[in-house]
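Contents: one structure, followed by commentary.
The values are calculated or read from the model by the stated rules, or taken from the named source; none is laboratory data. All figures in this text were calculated on a predicted structure; none of them were measured in a lab. Backbone-built Cβ (ideal geometry, glycine too); neighbour counts: all protein chains shown.
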Amino acid sequence: MSGRRLPESGNRIDRSRSIRFTFDGNGYEGFEGDTLASALLANGVDVVCRSPILGRPRGVYSAGIEEPSAFVEVREPWFEPIVPATMVNLVDGLDASGRPGVGVLPADPPSPKPGVHRHAHVDVLVIGHGRAGSESAAEAFGAPGSQRILVVDRLPWFEARESGVRTLPRTTALGIYDDGFVVLHERGTAYDTLWHVRAGRVVLATGAHERPIAFANDDLPGVMLAGALARYVRDHGVLPGERAVLFTTNDSTAAVADTLTSAGAVIAAVVDVREGWSVAAAEGTTSVSAVRLVGPGGETRTVAADVVGVSGGWNPAIQLARAIGVGLRFDEELATYVPDGTGPEWLMIVGEAAGDGLPATDAFWYSPADDLSTHFVDLQRDQTVQDVLDAVEGGLRSVEHVKRATYIGTAIDQGRTSGTLTAEIVNDALGMALGAQGPTSARPPVVPLPFSVLAGIERGPALLDPVRTTPMHGAHVEHGAVFENVGQWKRPRYFPRDEEDLDDALARECVAVRTTAAALDASTLGKIEVVGPDAGVFLDRMYTNRMSNVAVGSIRYGLMLGFDGMVFDDGVAMRLAEDRYLVTTTTGGAAPVLDRFEEWLQTEWPELRVYCTSVTEQWAVIAVGGPGASGIVRTIGTDVDLSAASFPWMTWREGTVAGVPCRICRVSFTGELSFELHVSAWHGHHVWDAVLDAGAVPYGTEAMHLLRAEKGYIIVGQDTDGTVTPDDLGMGWIVNPSKGDFVGKRSLVRPDTMRPDRKQLVGVITDDAGLLLAEGTQLVAESGTGATPGPGVGHVTSSYRSPTLGRTFALALVSGGRELIGERVFTLGRTEPIPLRIVDPVLYDREDERRDG
Amino acid sequence: MTAEVLARSPLQDRSDDLAAVAGELVPFLAQVDLRVDPAHAELAPYPLPLEANTAWHDRDRSVLWLGPDEWLVLSSGGSAQAVVHELTTAFGGTHHSVVDVSANRVALALTGDDRVDLLSHVCPIDLDPRAWGPGRCAQTMLGRAQVILFERNGSTPILVRPSFADYVVDLLREVRRVTGDVGA
């Protein structure tokens, strides 16, 4: 080959703007508007890379997304491990090198080009700005009611004929989805954009891809698709070679010959299959130097040439259409599949993509030869006609199976050059009719794109997933909190001081709650205001116990079940007024519980006069607990009488604390005297600071979990797993079957939910007071011998080291557990069984003497 | 100190980042959620928009349509208590729900001329002038956060749960960082 830049021509380059780039360590120059492929051809670079399996030299083969041959790694300006040279727009400072068909991710990969996403809504989206595309855009522009028209093309620039039509250059469509939703990839200079376009109508004007013919050494640099030769001359002013052989089955090469001739090249031979001639082989070491021809009578001739332009016919570019369900039919004249007119009514396929204007062709797939082992069908997969025949010989009949056996069509070009060839070679080998099997299916993304573009800006700790924080988060950070993820929330797990580790901090925080005073940020609790004359009736149907008779000013704990009778969520209901409750949910239950409320109200009981409003983030909640809790609240200042006599357990009072309005609730999740301060989220930070300044020790979720477990209080989702009834938890007392129907009621009297051997919540203690069981530990009834454990009876749901009890303890779900209190169970140790004892789940202050202080 | 002085907005330390996206904090906006059968809309002290995703504004009150029987009433100068009072008085014996949700969402406003372009990177709804403009409102997503948007006086206020407020500012800031500070 001897590619060179022509003195003129090239309607896509700007000769006034020279661009310097580096390839394989050598400096070159190109022009604005070049692709890396056109610039390499202009600089006479024949070999771009080696083939992945056989290590054969490979050069530029096409001028577009169908490129199966010339692959590069781009290092500057942005890292891309592997991309076809035909898809790299030349930019200043570009640094690339050849890559054998497989990309390599370095251990410490450089930054990829940034990506963003963007949404657009248009009346008409035209994909492809060739003749058919630009005509469609013009037509749409002229039609009434279609003001928003977007035309996209992968060209570096183009202009729509009408000034009102918006254009996106350097853009490829990746997929078309239901109802005109189309995803596009725009390759920008500083960043890429993944467009999500909602279009009223989509016009596919994606043109057609030329297909090759296989012959010996058809992968040698210099062998190219015929149309690509003309495009490099016309678009980039680059002549890939001086002496060309054109190998064709159709009339489209006549124009190629004209273009090459007028650019100064010599047409060494036009080898027309229809005249009985074919190319037997390309010859040369690293690029074409001669071509061996075979005539109708078997006569051979060798001609000197440095490029071979091949045209085995044209395939409509229907990858996008196929994925949205457009049907295909085989067209005998074109010897390929074309859209059959079916598909979504909002989708229109025009021009060559519909098969219009493509040249009739002979069906000719490869030049016959004894040795077919260099007749390449899929260049990137290094697969030949022989490999296809071997697969058929091996018993594979379906093109889909041949694809999976050979990997033909699975490379970056997704079978654009190899698909039809492979299908027809298989059909032929099986004695089936032309087109009996079509090419394999296509699916989005129909053009590869970097993961970094898919990710967009949703990367890194802040943006991969939202981090939700409470109004006091800043204070927690200042206090050195170690956070844990609870859903998307960051909650302080513990507040280590100095050199404390988790165990030290946990012990200190627990002791503070049990002996002095401490504070927990409970703001993440879900909160819903339930308002209306039927609010009480509604809540009676949602919870297992009665809520309609809670007095205004009082609070009641409640369990909520699924209709299968299993515990779904828990929380308290505060009656704010005759027709108004505020109910709390677990942190994770906030949205599901509100959804459930709305579902039952809207679908089952529309006659109930109830409205639900989420107020989860309206309120910051600070639980002040411990024997000194009332002292803390008095210190920060309140107008509420905190004495147990006037402010009893499970009531709430309205007043002020620390100078701001507050609802104070006498509820406790630790067993100690506690005041839950509900203040406006605006005041959460202020009140938290005040509580800590008054001497309360901040404690986190870890201490909260431990303290509640000492009291045998459950955590939904930790001690329950969707298979646990209230009775299983020993909470039969909270189920009120006499109050009327409630969600889950009927399931509680199914034989299975009444089985005496259901897993029940119990306490478990180890004989060795220092041994901490892992949560999830399986329990067995007998110690067993050797490798045979006794039958499984349950598992540990919560396990802690209690500073108050001076020992470890656990909660567990154990078959018929309540009957086994005092009995032995075992778990399997590393070398021998570990003996345990089943105990009552309430291990601390069984008489509830501490909750009033 | 009064309660007002002790209040704190989750975005009060983010003014630089807000400025970088041509945004500003709307501190302590009074917000009240109203639920009532639209058949009783005429009882309201101001027009309740009945067309989906539309809003009514006057000098110091805004009413955003959130659903067939739900509206969000905003008061730029006044207190939530005043709004609660005027709504409960207006609907009297009719079944309704009025809940102060002022702290349930933080308000920020984008004021740049290119704010629709900025939002189009993280918001899927149609913000083209044909579909969006003064008098419009919507409940939608910015990235992965639920928000309420509306359009008024050359700015686009965003109401977002306080726990997601930093995320939304980070998100808009990152769009600007990648796409360039043009127009900010």
Can you tell me which residues in the range B:119-137 are away from every other protein chain (no Cβ under 13 Å) and either among the small types (Gly, Ala, Ser) or outside any loop (DSSP other than H, G, I, E, B) (or both)?
-> B:Gly133, B:Gly135, B:Arg136, B:Cys137
Output for Cβ contacts, cut-off 6 Å, separation at least six or different chains, first residue in contact (Cβ under 8 Å) with a residue 40 or more places away in the chain in the range A:49-74, second assigned to a loop (DSSP other than H, G, I, E, B) and among the β-branched types (Val, Ile, Thr), reads A:Pro52/A:Val102; A:Pro57/A:Val47; A:Pro57/A:Thr286; A:Gly59/A:Val47; A:Gly59/A:Val48; A:Ile65/A:Val447; A:Glu66/A:Thr417; A:Pro68/A:Thr417
Entirely in the range A:734-853, the strands (runs of 3 or more DSSP E) that have 3 or more residues that are under 27 Å from A:Leu502 (Cβ atoms) = A:759-766, A:792-802, A:807-815, A:833-839
Here the qualifying pairs (Cβ atoms under 7 Å; residues six or more apart or on different chains; first in the range A:573-586 and modelled with pLDDT of 95 or more; second of a type in the set (Asp, Glu) and buried (at least 18 other Cβ atoms within 10 Å of the Cβ)) come out as A:Arg580/A:Glu529; A:Leu582/A:Glu529; A:Thr585/A:Asp569; A:Thr586/A:Asp569; A:Thr586/A:Asp570
Would you check which residues across the range A:562-581 are more than 25 Å from A:Leu729 (Cα to Cα) and not in a loop (DSSP other than H, G, I, E, B) and list them?
-> A:Arg575, A:Leu576, A:Ala577, A:Arg580, A:Tyr581
Please find, among A:Val780, A:Val762, A:Val825, A:Val793, the residue that is within 30 Å of A:Met547 (Cβ to Cβ) and among the β-branched types (Val, Ile, Thr).
-> A:Val762
Those strands (runs of 3 or more DSSP E) completely within the range A:597-709 that have 2 or more residues that are surrounded by 21 or more Cβ atoms within 10 Å (Cβ to Cβ) and among the small types (Gly, Ala, Ser) are A:619-625, A:674-680
Inside the range A:4-30, the number of residues satisfying the requirement of being part of a strand (DSSP E or B), farther than 20 Å from A:Gly241 by Cβ and either touching a strand residue (DSSP E or B) at 6+ places or on another chain (Cβ under 9 Å) or not assigned by TED's automatic domain parsing to the domain that holds A:Asn89 (or both) is 11
If you scan the range A:327-362, which residues turn out to be out of contact with any strand residue (DSSP E or B) (no Cβ under 8 Å at 6 or more places or on another chain) and in a loop (DSSP other than H, G, I, E, B)?
-> A:Glu332, A:Gly341, A:Thr342, A:Pro344, A:Glu345, A:Asp356, A:Gly357
Sort out for me the strands (runs of 3 or more DSSP E) sitting completely within the range A:101-187 that have 2 or more residues that are within 14 Å of chain B (Cβ to nearest Cβ) and more than 21 Å from the chain's Cα centre (by Cα).
-> A:115-127, A:149-152, A:166-168
Scanning the range A:285-299 residue by residue, those in a loop (DSSP other than H, G, I, E, B) and hydrophobic (A, V, I, L, M, F, W, C) turn out to be A:Val288
A careful count of residues in the range A:452-482 that are free of Cβ contacts under 8 Å to residues at least 24 places away in the same chain and more than 22 Å from A:His678 (Cα to Cα) gives 12
For A:Ser69, are the conditions met, namely being surrounded by 22 or more Cβ atoms within 10 Å (Cβ to Cβ), within 24 Å of A:Asp46 (Cα to Cα), in contact with a strand residue (DSSP E or B) (Cβ under 8 Å, 6 or more places away or on another chain) and among the hydroxyl-bearing types (Ser, Thr, Tyr)?
-> yes
Residues of the range A:755-768 being surrounded by fewer than 13 Cβ atoms within 10 Å (Cβ to Cβ) and either in contact with a Ser or Thr (Cβ under 6 Å, 6 or more places away or on another chain) or over 11 Å from A:Gly816 (Cα atoms) (or both), in sequence order, are A:Asp757, A:Asp767, A:Asp768
Residue identified as among the aliphatic types (A, V, I, L, M) and out of contact with any Ser or Thr (no Cβ under 9 Å at 6 or more places or on another chain) among A:Val203, A:Val197 = A:Val197
Selection within the range A:300-326 - within 24 Å of A:Ala268 (Cβ to Cβ) and in a strand (DSSP E or B) | A:Thr300, A:Arg301, A:Thr302, A:Val303, A:Ala304, A:Val307, A:Val308, A:Gly309, A:Val310, A:Ser311, A:Trp314
How many of the residues making up the range B:1-46 are among the hydroxyl-bearing types (Ser, Thr, Tyr) and surrounded by 19 or more Cβ atoms within 10 Å (Cβ to Cβ)?
-> 1
Index of the failed condition, A:His476 passing every other in (1) touching a strand residue (DSSP E or B) at 6+ places or on another chain (Cβ under 6 Å); (2) modelled with pLDDT under 95; (3) within 14 Å of chain B (Cβ to nearest Cβ) = (2)
